[in-house]
Every structure is written in C-alpha cells, then in structure tokens.
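Everything below concerns the one structure shown next.
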Amino acid sequence: MKVAGLEYRGVSSIDGPLVFIDNIRDIAYDELVEITTPTGDVRLGQVLDVTASAAVVQVFGGTVGLSQEKTKARFLGSALKIPVSKDMLGRVFDGLGRPKDGLPEPLTADRRDVNGMPVNPYSREYPRDFIQTGISSIDLMNTLVRGQKLPIFSGNGLPHNRMAAQIARQAKLLSEEVEFSIVFAAMGVKYDVARFFIDSFERSGVLHNVAMFLSLADDPSAERLVTPRSALTLAEYLAFDLGMHVLVIITDMSNYCEALREIATARGEIPSRKGYPGYLYSDLASMYERAGRLRGGAGSITQMPILTMPSDDISHPIPDLTGYITEGQIVLERDMHQRGIYPPVAGLPSLSRLMKDGIGKGRTRDDHPRVASQLFAAYSKVKDIRSLASVIGEEELSPVDKLYLKFGAEFENKVVSQGEFEDRPIQRTLEIGWEVLKILPRSELLRVSEEELAKYYDEAVTIKSKK
Amino acid sequence: MNEGIITRVNGPIVEARNMERAGMLEVVEVGTEHLIGEVIRVRRGGLATIQVYENTSGLKPGETVYCTGRQLSVKLGPGLLGTIYDGIQRPLDRIAELSGAMIRRGEKTEPLDMSKKWHFVPTVNPGDELKPGVVYGEIQETDSIKLKLIVPPSQKPTRVKTIVPEGDYAGEETLLVAENNDTLGFYQYWPVRKPRPVIARKQLTTPLLTGLRVIDAFFPIAKGGAAAIPGGFGTGKTMTQQALAKWSDADIIVYIGCGERGNEMTEVLREFPELVDPRSGRSLMERTILIANTSNMPVAAREVSIYTGITLAEYYRDMGYHVAIMADSTSRWAEALRELSGRLEEMPADEGFPAYLPTRLASFYERAGFVETMSGDSGSVSVIGAVSPPGGDFSEPVTQHTSRFIRCFWALDRALANARHYPAISWHDSYSEYLIEIAGWWGQQDAEWKAHRDLLMEVLQEEVGLQRIAKLIGPDALPDHQRLTLLVADIIKNAFLQQNSFDEIDMYCSPGKQTWMLRLLATFTERSQNLIRKGAMLADINAITALPRLLRMKSEIPNDDKTAMANLEQQISSALDAIESNLR
Ligand SMILES: Nc1ncnc2c1ncn2[C@@H]1O[C@H](COP(=O)(O)OP(=O)(O)O)[C@@H](O)[C@H]1O
Ligand SMILES: [Mg+2]
C-alpha cells in the first residue's frame, strides 16, 4: 500500500496541458493528481501514461504558471470522482463537479467515477416512447424517443440554442405525466449562452429541476474533457439509481473535440483526419453511449448534444463521427435560416433512427411512418426540380413539377416553420402534413397506402368540393 | 505458472518484464484484478507488450502479469446458438447476472453452460478409426440444428477404445476414450486467429438468397462469398445487415456488433426471438449467435471480436452448415487496430492506419468460402462486412483495401438515403462478380431470369445518362422513347428496387415472387418500347390504369399469392394489347 497523498516536489517538463513527473513510485494509470502551483493554486489532473518511476499527467486546470521546480504533485489514489445526489438539481457546478454557485458541496458520501462503466447491451431496454416536442419537423419527420441520443448539428449563428431550449420546455409524453429533469453541460461556450439557458429555464419555472455543469470559454480547456462526463455521471445516478427521466443537453461538442485534439498533439500522437486523434470515435462513443434505458429500470437518459459544424461541413470529423454513433441527427440549414424559417431543420440530412419504433399505430397515428416517408420522398424531388428550374426556368417545367415547387414552399412554410413558443400537438402536425401533400396529384403519392389516401386525401378533397 | 511484472501502463497497452517464457499471442492475466490480455510483442531482455481487453484504469507498474500458456481461444460446443457474447466470448447474459447492468471488469465466466445436460447419440463404435474429421456423436442442439461432434484437427490418428452409450451428459464428462488414451467430450478450444482447416475449397455456384430484391437480382452474393457494404452514417448499413441476418437462407447467422451502438444489439435481442424463420418455422434467435463489442466497450476486445465471430462460424461450417457472418462495422475494427498501433508507436501508413491493415483485412475475408469439410461434407461461410468511410468518401484506406478482398460491393448512396429510397444500394456504383457463377441457379427457377435482369439493368444505366441531359434541358424536351426510359426506370426503382423493411409483406421477397416481378417488369419494358417504336404515345402508356397496381405489387401481393399475380399480369397485358390495337 502506498502512503495516501504522498507529495512530490518538482516536475521534469511541462508541455501544453501536460506535465511529466519523474522519480515517483506506485502510481496507477488514470489516477487523479492534485497539482499545486508555485503561488499555491490547486489544480486537478489525471495520469495518462505511467511507468515504474515516471508519469504523464494531464492538468485540467491548465499549466499556466507552473514551473519545473516549485510545482507540487500529490497523487490521490483513485480516478476522478464527483458527488452525486438529487440535491444537485437546481445547482451550478464547474466541469469537475465543484459548486460554482457559492453554495456548499452537496451533502452526500456517494461519489462516482466520471468515466462510468459500459452498459451491458444485454441489459438495455430498447427505447420506444414517443416524446412530443411540439416541433413539427421533429415530431413528424425526425421523432425523438425517450432514451435516445439525438444531436443537433448546427453552425455558428444558427438558432440551435433557442431550439434546444424549446425542446427542453415543451418535451412531454402523451401517455404519462412525468417531467424531465435536465442536466446541462456547457464546454467552451460564452457566458451569454449559459445565461440564455438559465433565463429560459427560469422563465418556464423549471430551474429547480436543472443541474448545470459549466466550463466556459475562459475556463481551462482540459476541464472541457471532464465536463460532459461529470454531467453524465449525475444523469446516470438520477436515471438508473433514482428512476428519473433525464434530458441531458450538452453544448458545444466541437469545443470538447478541440480540447481533445490539443492534448493529443501535446502528447505527440499520430493524428488521423484534420489533426484529430484516431480514437476520437471511441472517445465520443464513451459519452454518447451513456444514454438509454435499462431493462427493468424506470428511468431514462435522453441525450441532446449540440455541435457547430466547422464551415457548415457535415463531413468534418466532429459531425461525421458523431453521426456514426448517435441515433440520428437534427441538421440545421443556413439557407433556410437566411430565408427566415425557424426552426431551420434541414429536410433531407436530418434523421431519427429510433423513430421507426416510436411512432405509428398505438403510439402516434397509424399513417405516421408512411406520411413521413412520403414527405421525405416528395421533398427530395423538390430539391431536384428546384435545380432544374434554375437551369431551364420555372415556366418550362411540366405541370406536375410546378406542383412540386408549390409543395416544397408550403412544406417549408407550414410544416417546418413555426413559432419559438408554439407547441403543436402531433395530431395537428399530421393534419398539416396531409394538407401539404394534397398539393400533389394522388398518383404521385406511392409511399402512403390506398386506404390512407382514401381516408385522408380523398376525404378532404370531397369536403372541399362540397363547400 | 510463469509470472511477469508490469513496467508501464498506457491505456489498453501494458508493458511487462520477466516475460522470457511468454509466447507471442499468449493469453495473460494482468494485475490484481486478473484483467485478460494478449501478448502482442516480445523483445529482448524478457520484455513483452500486452494488449488488455478490459479497462486498465487503476492498474499500476509493479503489479503481476500471470501467463496462461495458451493462445486466445474460443470454447466450441453445444449451447452457442441463441447466445450473446462480448468480443472475448464472455456470455453477456451471465455477466449481467454477475455484475448488473454495467459491465464490471475482471469478470470471468464460462462461455457455455457446463451444467446443462445434452442428449448425446454416439456415431462410432469401439475399434473404429479415429482421426480428424470423424464424427463421433450428435446432439440436437436446437429443433432445427443438429450439432456434430467432430474429432479435432490436432488429433493423432488412433482407434476408439470406449464410447459412452446414448444418453444425457453434461459439462466436462468424457464421452470417448481412444486407444492411445486421448479423451474427447463435448467441448474443444480453437485459437481465434487461426483458420480451421478444410479438405478443399469449392467453386461458388449457389446464391445466398437474401430476400432483398436489389441484391438477389442485381448484385447477388454466393454462398461462401464475401461482400462489403460501404456507406456514410445513416445510409442503411445496419438495416441491410439486419435484414440479411433475418431473411437470408443461411442455416446459422453470426452477427457481430463491432464498435457500434448498444441499442442495435438490444434491438436484435428483442426482435429476433419473436421473428419466425420462414424455412424452419422456428424462432430466428435459435439460429443466431450475437457478438457484441459495442463502441463503449474496450477497444482491444473490439479488435478480437471479428476473429471470435468467424471462428464460431467455421465451427458450424465444419458440420456441413451454411453460415453467414455479418460484421458491423469492419471500419471500427480497423480503427481499433489503428489505435493500438498508435500506442505501440508503430510507423503509420495511410491516414494513421498501420501498414499491415490490408494483410489483416485479407486474412479475415479469406476465411469466407464454400468448402469440403474435414468430414467430407459441404459447408460455407459467407462474410458480409459493413464499412463506415469517414465523410462517406470511398477513397479512404479501409474501403479501398476491403474492395480488393471481396467480390461483391454494395455501395450505399447518400442521395438515395436522403430521399428515403431504401435499401439505398446504388445500382450505379455497386457490383457483384458472383453474378455469372450463380446465374445457373436462377436459370433453373426461370430460364429467362438473366435476360430479364439484364434488360432492367440496361434501362437503369441508360437512365443515368439521360438524367444528365434532362437536368440541362428538362425531361419534356426529350424524345418519347427516351422519356419512356425515364418512366420505366422510375417504375423499376419504385416497384422493384425500393423495399421497405418495415412493411409486413415487402420486408422479405421470395425467389418465386422475385422472378415473377422481374418477368412482369421486363415484359412491360419490352412491349412499351415496341409500342413507342411503332408510334404509340407515351401518354397512352402513362395512362394505363393498372400502373398504380404495378407500383404497389411489392407490398400488396403476398409472396405466394399466385392468383393476384396472374391477375395483375393479365391487366397489364390487356392494357398494352389495347394500345397496340389502337395503333392499327
Ligand atoms: N431498408 C430500409 N427500410 C426502411 N428504412 C431504412 C432501411 N435502411 C435504412 N433505413 C432507415 O435509415 C436509418 C439508418 O439506417 P442504418 O442501417 O442504421 O444506417 P447506418 O448503419 O448506415 O448508419 C434507419 O434507422 C432507418 O430509419
Ligand atoms: Mg450502423
């Protein structure tokens, strides 16, 4: 057994967020380290690589002000743990789970390793409960279910925060009266962004039900690597120990990835694409996979990470690897935003992979899956016809193609576009869906069944002709 | 037992000294928690590098490494079917009982239930010859799968001394004693990285029927073949693999979730037991083995998971079964190689991948094949690997190297997926080199099968060129016969290629219905082309009232409804007759 908290004086080198310490012994991989700066500041770090006598330590508080001689390091004997308790709702913490609101540490002896443990796929419960967000472009076309991980792929200046706040405000289940508790993690964003969310939660009167983990733009970048993990550790406790339904909003994953790249570069690792380390996929998965439901358990974690795509490029490694892990993505489109459409949810690249089991008969409405598929198919044709029209001119289009253009415009204005405080029930959303489909000739609608056409298409047409 | 001492811990890579006696690829147990690892490099001075299959957080230099003297192996025997394992063959249901919903590391448990009794029927007698390949007994493992106990390849030729009579036995009981006193029971071990031997590899002539029309008719895979499904995220790799796992006519399915989502494995676990195998009438789970090393599970075990899977597949192949193995996704496996290689500070080749990536890929896909087994039976392993190219760009190393070792390439197309045209298998970029070899089989179902599919393919390829022109001048400016091509191509896409996995009828299309659909569409194409040539108007063809029924036949006509088929055929043909008679 080693002497707990044995302190070492001096480090052999300092490079970016890393310090190298020699002449140590009995140190474990991943162990937590307390670094004391020459001026007496205490910062936390973590062992990334260890031999019998030397360790590489990543310092969450940054290495500014550290010196070779006067820095002290104390190894704490275990990996980073944060306290977990229900009382953490309504509170604000830093990325390492320390109070940031001036109030005392949460009163609990329960401390959990922020890295969590992998969920056994055998023990998961497949998520199927439809969440009504009141936003048609999500509910109708990219349905969110309880326990899903569905990110927002956005760009600088696009209204992802307003949209996330709207979802947090309106999300509900049709069958049960349960509120979502919210765990919010912010990495590298400006204080304004955090403030926006706090105000929004306050206005809807849920702030007491929100736990915040903030590591803002002026906080050390290495802390960003722990922030989402701290948030998810609390979320897991609330969901899987206490059986609560938790919505986790994480912003901005792009800042997280940059911090990871910084560490990798400092360690001299061989980069894969765009300088990001080859393990970015696994690293992101170790967080995104901390969502879902457990067999026989009551609670759930629904994850909504937000990321800004560098130069709006969806093939950039950050959105790309995210899309490979998450259960779909809500993509925001700059062009629609410029045309004043809110929320500017891109029609084609957005996807919800869990939608198929969360909608339809007994869940939303029988025709829902096919209406959505029909809208996607028709809207993809709109895109082709728009580009054709820009070449040969709109007048030259065939009559059917002209109808498609009209459909496209109505789809964007009636289905996608809605108010930031407008909460549309799914039934209403489906009605609007059919309304815009009716612009197209019946023979174009192959994705919906004959019965559905008879019920929703023909019926409405006859009502109209009666008037 | 030999022991070493840890000198360094760097994520899943551990270095140790005093390892002079440890062999390359030997399994070791690392540290006080006995984490499972494998020796991947030995160096002068008794130094060894170990890759550890479990999280190494808290591991310390100075702790002990315990050598086991054996290579990383799987345990083979009755009870594999219907089970879900992790990458190193730990049964995840047992692990859940032992450690709860979260996987605790260091957990060790038997891959197979040793207390379960199996009904053993001997198939040899004392005095019989005993050599590799001899079947010494049988067990009905599930209602549809009979498990054969086969003398392992390592057995020295001898004779049977004694064998137990038919009856129920369990665990490590000895079933057979040889004259040289070797014993055989239910179970064997086999090192995962070593292909199991066969007598000969045979030509591939039978299709692996998948029930997906675009595959069976246009880009078919043979039993014993290897296919890749590359595609960006959300284009349908997993759905395609799952559809194949459900409906393909293999006897056994090994489904490997390699570095992908946990929920996707849960989905299979939830769905498969309830689905009925159209051929055996039994639950699909009874013919399935799942290997789950999801993206959040340790990366080194991800690397080994595909070898574990293919070894289990070869075990059943050796009994004369046709096994299909799906690996989703081989890119995550390649990334695991890259990550481990990076930690080993090896010299990288393309995009950080190690230079041995192509060799490793080849050695995996090479294990596919249609073979004559050691027992003289015919069996096959078909391999279908998903590939996840970064940014959906097929020029990246994993897609490129993989395409050298497979003969069937199902390219998923982002534009099709965006339009929710599923399966989004591009008819432009995909190919199958098995087509010629298996056309004979289809010819027995319908002598003109090849002619029909070639005609439709031709229309589809022609359409690609025409679309390019149409994009510049508008489709209405094209002459009628070219607009007919656009119309027919559209019908082929909607009526045949597109297939909805969620539709009760459409999710599986039988060979009989497929040949019928192909014939109907080919006849329609040919006759319409003739009519236009003879002066009919495109509008006449467009106005055929049965067209919507043609477009909906995939979901409205059940696989075996011969009357409905004949009906529709009749309607289409008389509509075309009517146009023709108006011409005169
Ligand atoms: N054959 C299909 N039928 C219906 N929907 C499909 C089909 N293939 C894919 N999809 C849809 O696309 C989504 C993504 O497919 P998936 O196979 O998970 O993609 P990938 O594995 O390539 O990321 C699915 O959740 C489903 O909604
Ligand atoms: Mg997938």
### Task
Could you please find all residues in the range A:322-351 being open to solvent by less than 10 Å² (accessible area, probe 1.4 Å), assigned to a helix (DSSP H, G or I) and either away from ligand 1 (no atom under 16 Å from the Cβ) or of a type in the set (S, T, N, Q) (or both)?
A:T322, A:M336
### Task
Quickly run through the range B:392-428 and pick out the residues that are outside any helix (DSSP H, G or I), more than 13 Å from every other protein chain (Cβ to nearest Cβ), touching a Pro at 6+ places or on another chain (Cβ under 9 Å) and surrounded by fewer than 22 Cβ atoms within 10 Å (Cβ to Cβ).
none
## Note on the structure
Going through the range A:111-131 in order, the residues found to be acidic (D, E) and at pLDDT 95 or above are A:E125
### Task
Evaluate the following for A:L430: is it among the hydrophobic types (A, V, I, L, M, F, W, C) and in contact with a Gly (Cβ under 8 Å, 6 or more places away or on another chain)?
no
### Task
For the range A:409-424, indicate whether the set of residues that are farther than 26 Å from B:R261 by Cβ, modelled with pLDDT under 95, touching a Pro at 6+ places or on another chain (Cβ under 8 Å) and not assigned by TED's automatic domain parsing to the domain that holds A:D139 is non-empty.
no
### Message
Within the range B:368-375, does at least one residue satisfy the condition of being touching a residue at least 12 places away in the same chain (Cβ under 8 Å), outside any helix (DSSP H, G or I), touching an Asp or Glu at 6+ places or on another chain (Cβ under 6 Å) and open to solvent by less than 10 Å² (accessible area, probe 1.4 Å)?
### Response
yes
### Task
Can you tell me which residue among A:V416, A:V400 is touching a residue at least 40 places away in the same chain (Cβ under 8 Å), on the phi < 0 side of the Ramachandran plot and over 25 Å from the mean Cα position of the chain (by Cα)?
A:V400
### Summary
Restricting attention to the range B:250-285, the residues that are modelled with pLDDT of 95 or more and away from ligand 2 (no atom under 16 Å from the Cβ) number exactly 5
### Query
Which is in a strand (DSSP E or B) and within 14 Å of chain B (Cβ to nearest Cβ), of A:R74, A:R25, A:R112, A:R43?
A:R112
### Task
List every residue pair whose Cβ atoms lie under 8 Å apart, where the two residues are 6 or more positions apart in sequence or sit on different chains, the first residue falls within the range B:41-64 and is farther than 18 Å from A:V50 by Cα, and the second residue, located anywhere, is charged (D, E, K, R) and open to solvent by 20 Å² or more (accessible area, probe 1.4 Å).
B:G45/B:R17; B:G46/B:R17; B:G46/B:E20
### Query
Just for the range A:270-290: of the residues that are of a type outside the set (S, T, Y) and more than 9 Å from chain B (Cβ to nearest Cβ), which one is surrounded by the most Cβ atoms within 10 Å (Cβ to Cβ)?
A:L280
### Query
Hey, any hits in the range B:244-260 for a residue that's within 15 Å of ligand 1 (Cβ to nearest atom), of a type in the set (F, W, Y), more than 30 Å from B:V124 (Cα to Cα) and surrounded by fewer than 23 Cβ atoms within 10 Å (Cβ to Cβ)?
yes
#### Entry: Any chance B:G224 is open to solvent by less than 30 Å² (accessible area, probe 1.4 Å), closer than 23 Å to B:L435 by Cα and in contact with a strand residue (DSSP E or B) (Cβ under 6 Å, 6 or more places away or on another chain)
yes
### Summary
For the range A:46-71 the number of residues that are facing chain B (nearest Cβ under 9 Å), of a type in the set (S, T, Y) and assigned to a loop (DSSP other than H, G, I, E, B) is 1
#### Entry: Leading residue by the ranking (nearest to ligand 2 (Cβ to nearest atom)) among those in the range A:327-378 that are within 12 Å of chain B (Cβ to nearest Cβ) and among the acidic types (D, E)
A:E327
### Task
Would you point out the residue of the range A:310-321, among those that are of a type outside the set (A, V, I, L, M) and open to solvent by 20 Å² or more (accessible area, probe 1.4 Å), that is nearest to the other protein chains (Cβ to nearest Cβ)?
A:S315
#### Entry: Verdict on B:R407 being more than 16 Å from ligand 2 (Cβ to nearest atom), closer than 28 Å to B:I289 by Cβ and out of contact with any strand residue (DSSP E or B) (no Cβ under 8 Å at 6 or more places or on another chain)
no
### Query
Within the bounds of the range A:255-272, is there any residue that is of a type in the set (S, T, N, Q), in contact (Cβ under 8 Å) with a residue 12 or more places away in the chain and closer than 23 Å to A:A164 by Cβ?
yes
### Message
If B:Y431 satisfies all but one of (1) within 16 Å of ligand 1 (Cβ to nearest atom); (2) surrounded by fewer than 17 Cβ atoms within 10 Å (Cβ to Cβ); (3) among the aromatic types (F, W, Y), what's the number of the condition it fails?
### Response
(1)
### Query
Are there any pairs, at least 6 apart or on different chains, whose C-beta atoms fall under 7 Å, with the first in the range B:255-270 and in contact (Cβ under 8 Å) with a residue 60 or more places away in the chain and at the interface with chain A (Cβ under 7 Å from one of its Cβ atoms) and the second within 13 Å of ligand 1 (Cβ to nearest atom) and of a type outside the set (D, E, K, R), and if so, which?
B:M265/B:G257
## Note on the structure
Of the residues in the range B:242-254, those that are more than 19 Å from B:E303 (Cα to Cα) and away from chain A (no Cβ under 14 Å) come to B:L244, B:A245, B:K246, B:W247, B:S248, B:D249, B:A250, B:D251, B:I252, B:I253
### Query
Out of the range A:396-408, which residues are in contact with a Leu (Cβ under 8 Å, 6 or more places away or on another chain) and modelled with pLDDT of 95 or more?
A:L403, A:Y404, A:L405, A:F407
## Note on the structure
The residue that is least open to solvent (accessible area, probe 1.4 Å), considering only those in the range B:452-508 that are more than 24 Å from B:T523 (Cβ to Cβ) and among the acidic types (D, E), is B:D503
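The values are calculated or read from the model by the stated rules, or taken from the named source; none is laboratory data. This one's a predicted model, so the numbers in the text were calculated from it and none came from an experiment. When we count neighbours, we look across all protein chains shown, and the Cβ atoms used for this are built from the backbone with ideal geometry, even at glycine. Protein only, heavy atoms only, side chains kept; ligands, DNA and RNA dropped before computing areas. Shrake-Rupley method; radii C 1.70, N 1.55, O 1.52, S 1.80 Å.
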